[in-house]
Amino acid sequence: MQNSATSLQSLETRLKTIRQIALAPTPKLNLVEWADSYRYLSPESSSTPGRWKTSNVEAARGPMLAVTDPRVKKITVMGPTQLMKTELINNIVGYFIHQDPRPMIVMQPTVSLAETWSRERLDKMLRDTPVLRGRVKEKRGRDADNRLLSKSFPGGQINIIGSNSP
């Protein structure tokens, strides 16, 4: 009988530990820490697919740190083509979907480029980054919660617009 009581106490202790781990809040990370820990680059849109490494794109470190610095109110990025701007946007969107859900708007130069970014970059990031997979509802026909230019997730949504649209 004593073995049964000991086993039950041991089981209760293990279940309590598992519950504490499962219910613990996600640790708050800055954007660089989040991207280096969780973000994956898609094979279709990156010459180096796999885990994101900020050290491979050092020019992105400053703007990424600024995004999660509460003292920073405005960020302006100017850089050459194909350097890091799209992946910076992707990292920001992924971070807020996972760490701090909220409504977001991403503006691209045109509606056509907004559709392309959503299809070619955002959808692939949501598919290939494990912590984001399943957070945004899957597309189902005319599902209002996940369209090409509007996607919902627990705690927020993202609307993708073109600057040439009224």
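Structure values in brief
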read-out	value
Dipole in debye (nearest 20) - segment 70-129, about Cα centre, beta carbon charges: Lys, Arg +1; Asp, Glu -1	280
Residues listed by number, segment 18-58, amide nitrogen under 18 Å from L65 label point at 7 Å toward C-beta	29-37, 53-58
Enclosed volume per residue, in Å³, of the convex hull spanned by Cα atoms of segment 10-166	157
Per residue value of the accessible surface for the chain (all protein chains in place, 1.4 Å probe), Å²	64
Test item: Cα-centred dipole of segment 1-61, Lys/Arg +1 and Asp/Glu -1 on Cβ, debye	160
Accessible surface of the chain [probe 1.4 Å, protein heavy atoms]: carbon and sulfur percent	55
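The values are calculated or read from the model by the stated rules, or taken from the named source; none is laboratory data. These numbers come from a predicted model, not from an experiment. No Cβ is skipped: glycine too gets one built from the backbone with ideal geometry, and neighbour counts run over all protein chains shown. For the accessible areas, the whole protein counts, side chains as well, though only heavy atoms, and no ligand, DNA or RNA atoms are used. Shrake-Rupley method; radii C 1.70, N 1.55, O 1.52, S 1.80 Å.
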